[in-house]
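Below is one structure, written out as structure tokens; comments come after it.
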Amino acid sequence: MADRSVLVTGGTGGLGGAVTAAFIEAGWRTVVPVRKKTSAESRSGAVGRGPGSNRDPKATPAEGDAVYVSADLTDPASVDAAVAVAAGEPAAPLRAVVNLVGGYAASGLVHETPIEDFERMLSLNLRPTYLVTHAALPHLLAAGGAVVCVSSRAAVAPFAGAAGYVTAKAAVVAFANAVAVEYRQRGVRCNTVLPSVIDTPANREAQPDADHSRWVAPADIAKVIHFLCGDESAPTTGATIPVYGRA
């Protein structure tokens, strides 16, 4: 039986699938919020073995499964419900949160970018990270543990045409550093990883002529994230760690 739980947002994506698998393989009870599919699911807060499944929230997943819970990670009440599931197993207290949810959209130069597009990047990349961390911290304070936020190389090496995305990812780093400072004396650590281009099917499709061998594999990033959540990295907080591969 697992003796600790982790909440992985974005746990079904190109990187998230590898992160979820890494924690399951290491024996963690792994809880993954998934986007709500219907209004009925929104009302039920369904928990199950896979995205969209509909089971008793108290049901125990089969060995090797993740626990999937329907959630809107931009909504505080929905986030609170998802975190309650992650923290709801007394024998496996919530010991880690991995904030992967985010997204990218090119927007043109700053003077060409509507404020709505700029703010959309903040809502997509920063708001879920804040809400999930906010809701999880009381549980992490009780059990001790770690938060890992996924930002981007763009946060420290901006490129043209994506000011909203660059700003949002830089804000994720700043937020993680603030959490690290506020909670380092209270048994909770917070670190950030900065991927470059991740070798996912979607990125290969978008950039078919790129040298994919230079990109970083999701499984390699997952190992770093798992390490940052474990006891082996107990002295480390407030770090911003590049995971660039050879890109």
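The values are calculated or read from the model by the stated rules, or taken from the named source; none is laboratory data. All values derive from a computational prediction rather than experimental measurement. No Cβ is skipped: glycine too gets one built from the backbone with ideal geometry, and neighbour counts run over all protein chains shown. Ligands, DNA and RNA are stripped out before the accessible areas are found, and what is left, the full protein with its side chains, is counted by its heavy atoms. Shrake-Rupley method; radii C 1.70, N 1.55, O 1.52, S 1.80 Å.
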Inset, instruction - Extending each Cα 7 Å along its Cβ direction at ARG184 and TYR130, get the distance between those two points in nm, one decimal. - result: 2.3
Inset, instruction - With the full set of protein chains in place, find how many percent of the accessible area of region 81-230 is carbon and sulfur; take the probe as 1.4 Å. - result: 57
Legend entry - Compactness index (Cα Rg / 2.2 N^0.38 Å), region 89-228: 1.15
Inset, instruction - Report, in whole Å, the centroid distance computed from the Cα atoms of region 1-27 and region 128-154. - result: 15
Legend entry - Percent RCO, i.e. relative contact order, over the chain, from Cα pairs under 8 Å lying at least 6 residues apart: 19
Inset, instruction - Could you give the DSSP H helices of the chain that reach 20 angstrom or more along their long axis (alpha carbon positions) and whose average Kyte-Doolittle hydropathy is no lower than -1.0? - result: 127-143, 163-183
Inset, instruction - Calculate the length of the line joining the C-alpha centroid of region 89-126 to that of region 169-238, in whole Å. - result: 14
Inset, instruction - Lys and Arg at +1, Asp and Glu at -1: add these up for the other residues within a Cβ distance under 12 Å of PHE159 and post the number. - result: +2
Legend entry - Compactness of the chain, expressed as Rg and Dmax over alpha-carbon positions, Å: 17.5, 55
Legend entry - Among 5-11, 172-178, 156-162, the order from most to least packed when residues are scored by Cβ within 10 Å on average: 5-11, 172-178, 156-162
Inset, instruction - Could you calculate the contour length gain from GLU25 to ARG246, that is, 0.36 nm times the residue separation minus the distance between their Cα atoms, to one decimal place in nm? - result: 76.9 nm
Inset, instruction - Report the label-to-label distance for PHE118 and ALA106 in nanometres (one decimal), using points 7 Å from each Cα along the Cα→Cβ vector. - result: 2.1
